[in-house]
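Contents: one structure, followed by commentary.
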Amino acid sequence: MKLLNPKNLKLLYVYIVIFVFVFILYSNSINNEYSIDDNLVVEGVEKVEKGIEGLPLIFSTRYISNKNQNYGYRPMVLSSFALEKTFFKKLPKSQSSEEKKVNDQLTQANISHLINVLIYAISCLLLFYFLHSIFRTKNIFLPIFISLLFIAHPIHTEVVSNIKCRDELLMFLNTLISLICFIKFTENNEVKYLFSGLLFFMVAVLSKKSALAILGILPILLYYSKVSTRKFFICTLSLILSSVLLFIFKKNMISIDVVNRAFQHYENPLFTKVDIVEKIKVSLYCSWHYLTLLIFPKNLASYYGFDTIPTTSWASYKLIGATLFYGLFGFFGVKYWLKRNVLGLGIAIWFGVMLAFVNLFIPMVGIVADRFAYVFSLGFCIVLAALLMKIFKIDINKNDSVPIAFILTLVLILISYSARVIIRNSDWENRTTLFQHDVNVVPNSAKAHSLLAGHLYDSYQKNNIEYLKENIKDDIIFHFKKAIEIDSTFITSYNNLGSAYLSLYNDASKGLQYFLKATELDPQYYEAHLNLAIAYEKLENFDMALAEYIKIIDLFPTTINSFYLFNNFLKRNPHLNEDGINALVETAKTNISPKMIYLNLANFYKKDSSNEELFIFFLERAFAADTSDKSICKSLYQYFFLKNNSEKISYYQRFK
């Protein structure tokens, strides 16, 4: 029995259905607030908060740029957030769950979510246009079914519902426009489409560098579309040239190009392992993970990491299954792609793009992620639609009607996918709902436990409702402990666990053992050393506390806060003044950057006229450590001028 006839189909209705379908699925995400990693790119980020005025800084600095890390270059993404701040800065930034219950207001976070949904909707409209262009000789229902499957796939919820994933959305949107322009160029031979394709390619890469996948996708599409050899090389070579120009542009735009991004074991053990056999096993396991999520997108999480993708033997059914499935489908993919078959095109996009995200060539942060599948899920949707049409004996090369059995099957898939999307969107309401849900989905993820514990700890410190605070104390300890149980090298969780014992239970002895472990794993961990000093002082082990403060200054001699904390310690414990000063003098003798140490020593004697000589002695030592310091030089010059010391006046005159 035939149900739908392509002759009666108007494309305008298709576009309307696509747009409405997106909002039906994602409208419940618009009232969500900030969540995981939003604080890195939009929430409280100074250059973004400046609005349009921050654009020069956005284009001349790294994507993530703070005191702890400096990496990436995605100015288009940050610019979109800056524009939001310009127009909606009067709105409250976000609301807690408790505030929403009292008075649910429109927030800046809500606006960001709305824009994410709009970008996704526009992308899906362009996706249908793109698919209709390359499959123009096929059954019109093929691009429609692919588009609907793509829209409804739950693996996209992270990309749409996480504000931070604006980079993925803009990258995919501009990638689609770029590909459409290139296809237009090959059809119409108009140079304006070629340059437009290159322009949007650059915008895509400036949104996220994974847009470089176009370098592989475009040749696959051009071959499928039977483009002439001349146009094939014009498109591909111009893309390569544009990539080089982008690299030069970035190098010239970034004022201080110092990449600072330390990768941790809990993010991906492959950052510290180079064994090729291990990489192959992990990549096969990741491939299996993506296959299961693409087919049965049930257990979705915002962060996987160690130990959700375990090191396993070759006898694992998952490795065997991945080897057989991808080997078999890969063989048929090449075969069908060479024949310019739709199935072959889908497999080529799916497997080709996925290969960059399975840790075979480059270790991925988090090992796997739902957002990594955003682009290559398109290939999966092409394959699924083509296989379903083949199973139901629908000729994709003709505009035949489709049987009701096929429609019912598709509707069943879309309903199940849509329900999962709507439910998953609610998990992204805020950090609490997300982390509490995800820790149950990935109970072996050290980072998932750490994220939840850290968020609860932060909530505890901000919350004034005592019974709520009491209810989460044990949860904080439990999840931090679980994190280090899963990953015994998780340095920050040792420190945070110790801090939790210290501040929540006033248990300095328990806190001490975790601070010691953190400093053992990372001898230059500033916060752990500081907490160690505080714990020693609480335990009234003042000598060890003093030694720890001295160690902090020795390790971080240019950090002003180190001296502030040291001086306050001596004020609280004046009986240690002499020992503290002597220890500081000895530290300065061997430290490679002693300027601040000598300045601190000078300040000890500054207000005591009887110790004027010591004040000048240490001030001179500070200047000797850094003769470019005009302020110290001026002070010394003025002092010796008043003392009429011609030799010293002459010496410091040289540096003024």
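Taken over the stretch 19-52, the criterion of being out of contact with any Ser or Thr (no Cβ under 6 Å at 6 or more places or on another chain) and charged (D, E, K, R) is satisfied by Asp37, Asp38, Glu43, Glu46, Lys47, Glu49, Lys50. Here the stretch 426-454 is the region considered, the condition is being among the polar types (S, T, N, Q) and within 21 Å of Glu98 (Cβ to Cβ), and the residue that is surrounded by the most Cβ atoms within 10 Å (Cβ to Cβ) is Asn430. Checked against the criterion of being open to solvent by less than 40 Å² (accessible area, probe 1.4 Å) and aliphatic (A, V, I, L, M), the candidates Leu246, Leu215, Leu241 yield just one match: Leu246.
Taking the stretch 19-42 as the search range and keeping residues that are assigned to a helix (DSSP H, G or I) and small (Gly, Ala, Ser), which one is surrounded by the most Cβ atoms within 10 Å (Cβ to Cβ)? It would help to see each step written out before you state the result.
If we filter the stretch 19-42 for residues that are assigned to a helix (DSSP H, G or I), which is where we start, we get 19-29, 38-41.
Going one step further and asking which of them are small (Gly, Ala, Ser), we end up with 27, 29.
Values: Ser27: 14, Ser29: 25.
Of everything passing the filter in the stretch 19-42, Ser29 is surrounded by the most Cβ atoms within 10 Å (Cβ to Cβ).
Checking each residue in the stretch 333-349 for being in a helix (DSSP H, G or I) and of a type in the set (Lys, Arg) picks out only Lys335. Candidates are the residues of the stretch 174-195 that are over 29 Å from the mean Cα position of the chain (by Cα) and open to solvent by less than 40 Å² (accessible area, probe 1.4 Å); the one that is farthest from Arg74 (Cα to Cα) is Thr186. Between Leu142, Leu170, Leu127, Leu131, the distinction of being open to solvent by 10 Å² or more (accessible area, probe 1.4 Å) and either in contact with a helix residue (DSSP H, G or I) (Cβ under 6 Å, 6 or more places away or on another chain) or farther than 30 Å from Tyr73 by Cβ (or both) belongs to Leu170 only. Is there a residue in the stretch 212-220 that is farther than 25 Å from Leu343 by Cβ and assigned to a helix (DSSP H, G or I)? Yes: one or more hits.
Specify the residue that is most open to solvent (accessible area, probe 1.4 Å); the eligible residues are those in the stretch 573-624 that are among the aromatic types (Phe, Trp, Tyr) and farther than 19 Å from Leu642 by Cβ.
Ranking the qualifying residues of the stretch 573-624, first place goes to Phe604.
Which of the residues belonging to the stretch 350-376 are among the aromatic types (Phe, Trp, Tyr) and either in a helix (DSSP H, G or I) or surrounded by 20 or more Cβ atoms within 10 Å (Cβ to Cβ) (or both)? Trp350, Phe351, Phe357, Phe372, Tyr374, Phe376 - these are the residues of the stretch 350-376 that are among the aromatic types (Phe, Trp, Tyr) and either in a helix (DSSP H, G or I) or surrounded by 20 or more Cβ atoms within 10 Å (Cβ to Cβ) (or both). The set of residues in the stretch 71-91 that are open to solvent by 40 Å² or more (accessible area, probe 1.4 Å) and in contact with a Leu (Cβ under 8 Å, 6 or more places away or on another chain) comprises Arg74, Met76, Leu91.
Checking Phe271, Phe296 one by one, the residue that is aromatic (Phe, Trp, Tyr), closer than 25 Å to Leu212 by Cα and out of contact with any helix residue (DSSP H, G or I) (no Cβ under 9 Å at 6 or more places or on another chain) is Phe271 and no other.
Pairing each residue of the stretch 418-432 that is within 20 Å of Phe150 (Cβ to Cβ) and at pLDDT 95 or above with any residue that is open to solvent by 40 Å² or more (accessible area, probe 1.4 Å) and assigned to a helix (DSSP H, G or I), provided the two are 6+ apart or on different chains, yields C-beta distances under 7 Å for Ile422/Asn28; Asn425/Asn28.
Condition check ((1) of a type in the set (Lys, Arg); (2) over 27 Å from Ile367 (Cα atoms); (3) at pLDDT below 90; (4) touching a Cys at 6+ places or on another chain (Cβ under 8 Å)) across all residues:
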site	(1), (2), (3), (4)
Lys447	yes, no, no, no
Leu456	no, no, no, no
Asp475	no, no, no, no
Gly498	no, yes, no, no
Thr519	no, no, no, no
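For the stretch 526-536: of the residues being touching a Leu at 6+ places or on another chain (Cβ under 9 Å) and open to solvent by 10 Å² or more (accessible area, probe 1.4 Å), which is nearest to Phe480 (Cα to Cα)? For the stretch 526-536, the residue satisfying everything is Asn531.
Please state which of the following conditions Lys481 fails to meet, knowing it meets all the rest: (1) surrounded by fewer than 19 Cβ atoms within 10 Å (Cβ to Cβ); (2) at pLDDT below 95; (3) within 29 Å of Thr272 (Cα to Cα). If we test Lys481 against (1) surrounded by fewer than 19 Cβ atoms within 10 Å (Cβ to Cβ); (2) at pLDDT below 95; (3) within 29 Å of Thr272 (Cα to Cα), just (2) comes out false. When the stretch 506-529 is limited to residues that are assigned to a helix (DSSP H, G or I) and of a type in the set (Phe, Trp, Tyr), the one that is farthest from Tyr549 (Cα to Cα) turns out to be Tyr514. Of all residues assigned to the stretch 592-611, none qualifies as being of a type in the set (S, T, N, Q), in contact with an Asp or Glu (Cβ under 7 Å, 6 or more places away or on another chain) and outside any loop (DSSP other than H, G, I, E, B).
Looking at Asn464, is it touching a Ser or Thr at 6+ places or on another chain (Cβ under 9 Å), modelled with pLDDT under 95, surrounded by fewer than 14 Cβ atoms within 10 Å (Cβ to Cβ) and not aromatic (Phe, Trp, Tyr)?
The answer is no for Asn464.
The values are calculated or read from the model by the stated rules, or taken from the named source; none is laboratory data. Just so you know, these numbers come straight off a predicted model, no measurement behind them. Methodologically, a virtual Cβ is constructed for each residue, glycine included, from the backbone with ideal geometry; neighbour enumeration extends over all protein chains shown. Accessible surface is based on the protein model in full, side chains and every heavy atom, while ligands, DNA and RNA are left aside. Shrake-Rupley method; radii C 1.70, N 1.55, O 1.52, S 1.80 Å.
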